[in-house]
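Participant: My questions all concern the structure below.
The values are calculated or read from the model by the stated rules, or taken from the named source; none is laboratory data. Fair warning: this is a prediction, and the values are worked out from it, not measured in the lab. Here the Cβ is made from the backbone with ideal geometry for all residues, glycine too, and neighbour counts use every protein chain on show. Surface areas here come from the heavy atoms of the whole protein model, side chains and all, with no ligands, DNA or RNA. Shrake-Rupley method; radii C 1.70, N 1.55, O 1.52, S 1.80 Å.
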Amino acid sequence: MTADEAFDIVCRDAMFYDSSGGGVTVSGGEPLLQPSFAASFRMCREAGIHTCLETSGCAPEAAVRQVLPWTDYWLYDLKLYDPVRHSDYTGRDNETILANAAIVAASGTDVLFRVPIIPSITDEPQNLEDLADFLRRLTGINGRVELMPYHRLAEGKYRSLDRTYPLPGVAPLTATDLMGAQKLFVDRGLQAPYRTDPPRSEEAWP
């Protein structure tokens with residue numbers, strides 16, 4: 001599908017965006033691996049349709065700069081601050097990801113950084129403190145982070161595909177666990193919501 005074809009479909013739903021205050025989100029995979037297509041956000045911007053891009057930031061700087069002028073809102077995921085641990089879990093270091101995060105934040109565009117809280121992987125206090133310190137230093141962040149709790153929704157999908165689930169036996173986090181993670185960000189002056197309807201104190205997340 002070409003960008004023009006996609007935009008034609010988008011325009012058919014413009015009345016819903018107008019009534020809801022919503023818009024168009026480009027996700028993936030990694031949309032910045034197709035920067036020319038993502039940059040067709042320009043057509044949405046010119047039509048008055050709000051644009052959002054969901055990314056891991058793992059893409060060339062040129063791709064970020066190509067899409068940046070046409071993107072109203074960024075959802076930017078950060079997982080691990082230490083480059084060695086990041087490489088161990090994802091297969092590559094995070095130098096590019098952190099550099100691109102700084103570019104997006106410095107641009108003054110609206111950005112929400114999101115941190116998945118995964119037991120024994122990303123929830124280590126040192127990792128969360130390092131990420132919080134990094135985000136606090138970024139120009140234009142305005143102190144906004146969202147903590148995303150680990151859940152088991154993918155476990156059934158792995159079974160249906162006859163694949164081995166990589167986190168067997170890992171329990172969902174409790175609200176107490178999440179409040180502890182949240183405190184590390186809040187103590188550094190960052191807003192860090194994790195869910196609008198948290199369960200009771202020791203109730204596990206579904």
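Participant: Run Met43 past the list (1) open to solvent by 60 Å² or more (accessible area, probe 1.4 Å); (2) farther than 18 Å from Asn94 by Cβ; (3) of a type in the set (A, V, I, L, M) and report the number of the one that doesn't hold.
Facilitator: All conditions are met except number (1).
Participant: In the stretch 120-171, what count of residues is obtained for those that are aliphatic (A, V, I, L, M), assigned to a helix (DSSP H, G or I) and either open to solvent by 50 Å² or more (accessible area, probe 1.4 Å) or without any contact (Cβ under 8 Å) to a residue 12 or more places away in the chain (or both)?
Facilitator: Going through the stretch 120-171 one residue at a time, the tally reaches 0.
Participant: Further question on the same structure: Within the stretch 27-40, track down each residue that is open to solvent by 70 Å² or more (accessible area, probe 1.4 Å) and outside any helix (DSSP H, G or I).
Facilitator: Gly29, Gln34, listed by residue number.
Participant: Which of the numbered conditions does Arg12 fail, given that it passes all the others? Conditions: (1) within 15 Å of Thr109 (Cβ to Cβ); (2) out of contact with any strand residue (DSSP E or B) (no Cβ under 8 Å at 6 or more places or on another chain).
Facilitator: Every condition holds for Arg12 apart from (1).
Participant: Which one of Tyr89, Tyr81 is out of contact with any strand residue (DSSP E or B) (no Cβ under 6 Å at 6 or more places or on another chain) and part of a loop (DSSP other than H, G, I, E, B)?
Facilitator: Working: Tyr89 fails: part of a loop (DSSP other than H, G, I, E, B).
The match here is Tyr81.
Participant: Further question: Output the residues belonging to the stretch 66-78 that are in a loop (DSSP other than H, G, I, E, B) and either closer than 19 Å to Phe16 by Cβ or in contact (Cβ under 8 Å) with a residue 60 or more places away in the chain (or both).
Facilitator: Asp72
Participant: When the stretch 172-191 is examined, which residues are found to be touching a helix residue (DSSP H, G or I) at 6+ places or on another chain (Cβ under 7 Å) and either exposed (fewer than 12 other Cβ atoms within 10 Å of the Cβ) or among the polar types (S, T, N, Q) (or both)?
Facilitator: Residue satisfying the conditions is Gly189 alone.
Participant: Another one. Please pick out the residue among Tyr158, Tyr165 that is over 30 Å from Thr51 (Cβ atoms), in contact with a helix residue (DSSP H, G or I) (Cβ under 9 Å, 6 or more places away or on another chain) and of a type in the set (Ser, Thr, Tyr).
Facilitator: Residue meeting the stated conditions: Tyr165.
Participant: Scan the stretch 1-26 and report the pairs whose first residue is in a helix (DSSP H, G or I) and whose second residue is open to solvent by less than 50 Å² (accessible area, probe 1.4 Å), with Cβ atoms within less than 6 Å and a gap of 6+ or a chain change.
Facilitator: Filtered contacts from the stretch 1-26: Ala3/Ser40; Phe7/Met43; Val10/Val24; Tyr17/Gly23; Tyr17/Ile49.
Participant: Then there's this: Being within 15 Å of the chain's Cα centre (by Cα) and among the basic types (Lys, Arg) is true for just one of Arg92, Arg144, Arg136. Which residue is that?
Facilitator: Arg144
Participant: Mind counting the residues in the stretch 66-80 that are surrounded by fewer than 17 Cβ atoms within 10 Å (Cβ to Cβ) and in contact with a helix residue (DSSP H, G or I) (Cβ under 9 Å, 6 or more places away or on another chain)?
Facilitator: Count: 3.
Participant: Please determine, by comparing only the residues of the stretch 53-65 that are open to solvent by 10 Å² or more (accessible area, probe 1.4 Å) and not in a loop (DSSP other than H, G, I, E, B), which one is nearest to Asn94 (Cα to Cα).
Facilitator: The selected residue is Glu61.
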